[in-house]
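Engineer: Structure provided below as structure tokens; questions to follow.
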Amino acid sequence: MSAAVDPDTICLVSGGDLVRSRSYVNHRIWAAEAGIDYRLEIGIAPGRRTPYDPKFTAIRNVLPRYSWIIWVDDDVYFTDWRPGRLLHLVDDAERSGLWGVLAQGPTEPGGHWSAINTGVMILRNDPRTFAMLDRAQALEVAEAKERWEPTRDGLFTHGDQDTIWTTVREDPDLLSGLRIVGHADLNSRPHLVGASPAEVLTVHFCGPGDKRARVARFAARFGMGQELVPATLLDAYAVQHRELLPAAEVAAREAADRAGALTRRVQAKVAWVRSTRRWR
């Protein structure tokens, strides 16, 4: 079956308002291997209200120029270098008349999960998409929390993910035009990867913690640097600057991370005891 979407009309987009990691090298090379465009978009604009506004702005800046875009957060790295896996999702969404494709958040070891994760989003240049963006950005996180049911919606993350899901869930037209796929197909986690990084399309280092250390630890498992790009491809694309965090620095960062996490747990416990006057 021939492709439904011309690769020249697809763009991979990442960015925001700060370039924090080497993931843009990973994104650029993956897009080139897939034969699609790539934009590192700086989504600054007047009237910023939340830390997530640059993401909405970046998407709005780029989406009108293409038929489809694939948004990836800067803590997402491609690990399967076979482009067909993702392009098939775009083609299938086109044939099905959808406006978007997202992944369900996997069930984590602690038992929490999420209905969707917006770290990777396949979005169509379509009025439904722009309506979703406008309404989700305008929705206050506190309002989304009031309409949230953990047994139905999963973990509340206090961000754009929550306002997007609330917007979609409450609109039958948006909900019917969205496909939710499994985490391995679009947006997975490092601890869910087994013998090969190609088991999943992307690895998302979401959540708290020292992301540089987490990326370095994962990369070391598979003999790669901070870009999470195979050396053969770094050579092919003449990447001169390559980041490889020393093992001692990784260990020091992880130790500081654990100490910080303990401090945060103690502070949270103290605040809870003060507010409830109970220990348990």
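Every read-out reported here was derived from the displayed coordinates using simple, explicitly stated rules and does not represent laboratory data. If you're wondering where the values come from, they're calculated on a predicted model, not measured in any experiment. Glycine also receives a Cβ, built like all others from the backbone with ideal geometry; neighbour counts cover every protein chain displayed.
Engineer: Simple spin-label model, 7 Å along Cα-to-Cβ: ALA238 to GLU33 in nm?
Structural biologist: Modelled inter-label distance: 2.0 nm.
Engineer: Based on the Cβ-Cβ distance of GLU149 and THR107, what FRET efficiency does E = 1/(1 + (r/R0)^6) give at R0 = 22 Å, to the nearest 0.05?
Structural biologist: Between GLU149 and THR107 the formula returns 0.80.
Engineer: Pop a pseudo-label 7 angstrom from the Cα along the beta-carbon direction at both ALA3 and LEU18 and give the gap in nm to one decimal.
Structural biologist: If labels sit at ALA3 and LEU18, their model points lie 3.6 nm apart.
Engineer: Using alpha carbons only, how many angstrom separate the centre of segment 12-51 from the centre of segment 159-238?
Structural biologist: Value for the Cα centre distance between the two parts: 14 Å.
Engineer: Report the residue, chosen from TRP30, TRP81, TRP148, that carries the largest GNM mean-square fluctuation when the chain is represented by alpha-carbon nodes joined by springs under 10 Å.
Structural biologist: TRP148
Engineer: Where Rh is the Kirkwood radius over the Cα pairs of the chain, the temperature 37 °C and the viscosity 0.692 mPa s, what D in µm²/s does Stokes-Einstein return?
Structural biologist: Here the translational diffusion coefficient equals 164 µm²/s.
Engineer: Under a crude label model (7 Å from the Cα following the beta-carbon direction), how far is LEU40 from ILE180 in nanometres?
Structural biologist: So the two model labels end up 3.4 nm from each other.
Engineer: Further question: Restricting everything to alpha-carbon atoms, can you work out Rg to Rh for segment 1-96 with a Kirkwood hydrodynamic radius?
Structural biologist: Checking Rg against Rh, the ratio lands at 0.99.
Engineer: Please check: in the Gaussian network model of the chain (C-alpha springs, under 10 Å), which one of ASP75, ASP91, ASP171 has the largest mean-square fluctuation.
Structural biologist: Residue with maximal mean-square fluctuation among ASP75, ASP91, ASP171: ASP171.
Engineer: While we're here: If you take every residue apart from TYR66 with its C-beta less than 14 Å away from the C-beta of TYR66, what net charge results, scoring Lys and Arg +1 and Asp and Glu -1?
Structural biologist: Net of charged neighbours comes to -2.
Engineer: What's the whole-number percent of alpha carbon pairs in segment 80-190 lying beyond 23 angstrom?
Structural biologist: Counting pairs separated by more than 23 Å, the tail of P(r) holds 28 percent.
Engineer: Here is a follow-up. If Lys and Arg each add +1 and Asp and Glu each add -1, what is the summed charge of the other residues whose beta carbon sits under 10 Å from the beta carbon of GLY225?
Structural biologist: 0
Engineer: Name the most mobile residue of ALA93, ALA138, ALA238, meaning the one with the largest mean-square fluctuation, in a Gaussian network model of the chain with Cα contacts below 10 Å.
Structural biologist: Result for the chain, Cα springs under 10 Å: ALA238 fluctuates most.
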